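These notes are about the structure you will find just below.
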Amino acid sequence: PHSEARWPGGHGLCKSRELAASAGGSSFPQRSAFNMIIFSLFSPSHFRLPIPKLEDTIGRYLNAQKPLLDDDQLRKTEQLAHSFGNGIGRELHEQLVAQDKQNKHTSYISGPWFDMYLKAREPVVLNFNPFMAFNPDPKDEYNGQLTRATNMTVSAIRFLKTLRDGCLEPEVFHLNPAKSDTPTFKNLIRFVPSSLSWFGAYMVNAYPLDMSQYFRLFNSTRLPKLGRDELFTDERVKHLLVLRNGNFYVFDVIDRDGNILTPSEILAHLKYILSDKSLTPAFPLAYLTTENRDTWARLRQKLLENGNEEALRKVDSAVFCLCLDERSIKDPVPLSHNMLHGDGVNRWYDKSFNLILTKDGTAAIHFEHAWGDGVAVLRFQNEVFKDSTQSPAVTPQSPPAAVDSSSAVQKLDFKLNDALKAGIVKAKETFDATVKSLTLDCIQFERGGKEFLKKRQISPDAVAQLAFQMAFFRQYGQTVATYESCSTAAFKHGRTETIRPASIYTKDCAEAFIEEPSKHGVEELRQMLAKCAKYHGQLTKEAAMGKCQCLSLVTASTLHHQN
C-alpha cells in the first residue's frame, strides 16, 4: 500500500489530444497545462499545522466549560486545568513539540489521526461512514437509473483522469473571490516561486487547501487487520466494481492506453448487469464489511485461505464501487436510511466510496472515513454532478455499443465454507439489530434559509448551532456541550478540528428566547443573536487555523503512551 498521505498529480504537463481521447470524446473542462502549473505551485508552500500554545489551549478549554458548569464546578475545573498546565500538561506539550520537529514532512496530527480511525475496532457502518446525497438531474428524463449511472460513471472517470494527469484546478478557499478567483490572479501567481505561492494567495485572502487525500478517492479500500486496519491503493487497475442484488461484477472502464472506455460501451455493460436475473446470494458477502474489524479480519483471512484471493483483490483494487439498488426512494427519511447503511447486501463499506443509484436514479456517495474528509469527497461530488448534468456522456435515447458484454463483464464468484457462512449469518444478525436501533427524522424549514440570513450579515452556521442549543434547552432546561467539525485543509496534511459551539453567549441567548422572551425587546434579542454569531465566527476561524481546544493535548498524550 501507498503511504498514508501524499501530494497527487505532478506527472507532467497535460497532453490535450490524449486527454480529449481519454474522456470519451469530451475532455473534462479543467484540463489544461495552466491548471497543472497552478495545481503544483501551492504544494511545497503549505504550512504545517501549528501546535497552539499550551496556555491558549487551556484558556479555550475553560471558555468551553463556562456555559456547562456552576460557579463551584468552574472554580474546581480552573484549579485542575492550571495544575495540569504547570505539571504533566507542560511535559506532554514539550514532548509533542519535540516529536513535531523530528517529522517536518507532515503535520503533528497525521499519524495519530490515522491511528484513531484505523485502530478503532467498531464497525465502520453508522460509527464512521457518512453519506452525501446528490440533487436530481435538472432534466427529469436523465434521472433513469441506467442513464444517470452511465453519466456519473463517465464523469467520475473524467475526474480521475484530470487528477492523475496533474490538471485538476487546486482547491482554494476564497474569502474575496473578486480579487483571487480571477484569471488575472492565476496568471500572476504562476510567476511566484512555489515556496512563496501560498503567501501570494494569502495576500488576497485566498487559502490554497492541502489536496494530499485526493489520490485515495480511487482504487482504494480499507483492509481489515487485527489491531489496526490498512489503507490499500493500486492505481494501475482499470476496472469498475458494480454491486447489484448483492452480486459482484467487474469490467474495465479504462483501456490499455489509459483512455476512458466510450460511454456507449459503459452503457452497454451496465445495461447487461441490470438485465441479469441473478437472485441475491443466500449468504451475501457484503455483510462481513459491517462487522467488528477484528472479527472481519479473521473472516477475511478465512476467505483468502478458501481460494478467494483473486476475487478479493479485484474488489479491493477497483476504481470505485457502483451500487445499483432495486428500490425507488423519494422520501428523505427512508432515503437517508438507505444511503447511510442500506440493507447490508448491496454495499462494500470498506471501499473509499460507494456511488449509489436507486431504481429511480436518486444518487448519493457513501464513503469510508479513515482515508480522508469531506473536503475531497465534496469537491468530487460537485464536479461529478456538474459534469454529468451539463456535459452528459449519454442521453436517454443513446443506444448501447454493439459489444459482447457477456465476455467483458465478469461476475465474481466467492467460495464459502461453513465457517464463512456462519460468519455472514452472525454479521447479518448484528447488522440488523444495530440498524433497528437507529432513529432518523427530518423537518424542512420553509420560512427562511441561508440567503435570508446572509442578507442580514448573520452566519447561517452560527444560527444552526444556536438552534441546536435552543432545542436542547427547551427540552431539558440546560446547555449541553456540542461538537462541530472544521476543516484544517489550509495546512499540510490537515484533517479536521473541533469547534465547541456552546458558549456563554448561546446560553444567554437560549435563556432569553426560551424562558423570558417577553423581558427582552426585539432589538435586544437581535443584538444577542449577533453576539452569538460573532463569537461563533471567532471559534470557527481559530479552529480552521489549527488553534485547537483539545487536539494537541490528545495527540501529545497518545504519543506519550506510545513511547
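The values are calculated or read from the model by the stated rules, or taken from the named source; none is laboratory data. It should be emphasised that the depicted structure is a prediction, and the values quoted were computed from it without experimental measurement. Here the Cβ positions follow ideal geometry from the backbone for every residue, glycine too, while neighbour counts run over all protein chains shown. Ligands, DNA and RNA are stripped out before the accessible areas are found, and what is left, the full protein with its side chains, is counted by its heavy atoms. Shrake-Rupley method; radii C 1.70, N 1.55, O 1.52, S 1.80 Å.
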Q) When the Karplus curve 6.51 cos²θ - 1.76 cosθ + 1.60 is applied with θ = phi - 60°, which whole-Hz ³J(HN,Hα) does each residue of the range 520-529 get, with x for Gly and Pro? A) 10, x, 4, 5, 5, 5, 5, 5, 5, 4
Q) Structure shown: which of K238/K450; K330/K386; K428/K450 lie over 32 Å apart, alpha-carbon to alpha-carbon? A) K238/K450; K428/K450
Q: Leaving ligands, DNA and RNA out of it, report the carbon-plus-sulfur percent of the accessible area of the range 207-309 at a 1.4 Å probe.
A: 47
Q: Mind checking the per residue accessible area of the range 464-506 for me, 1.4 Å probe, whole number of Å²?
A: 44
Q.
Given a 1.4 angstrom probe, what's the average accessible area per residue across the range 266-307, in square angstrom?
A. 44
(Q) Straight-line reach from K101: which lysines fall under 27 Å, measuring Cα to Cα and dropping same-chain residues less than 8 apart? (A) K53, K119, K492, K541, K547
Q | Radius 12 Å from Cβ of S487, net charge of other residues (Lys, Arg +1; Asp, Glu -1) | A | -3
**Q.** With all protein chains modelled, accessible area of S437 [1.4 Å, Å²]
**A.** 90
Q | Local net charge near Y505, Cβ-Cβ under 9 Å (Lys/Arg +1, Asp/Glu -1) | A | +2
Q: Between S485 and E78, with labels modelled 7 Å along Cα→Cβ, what's the label distance in nm to one decimal, could you check?
A: 3.5
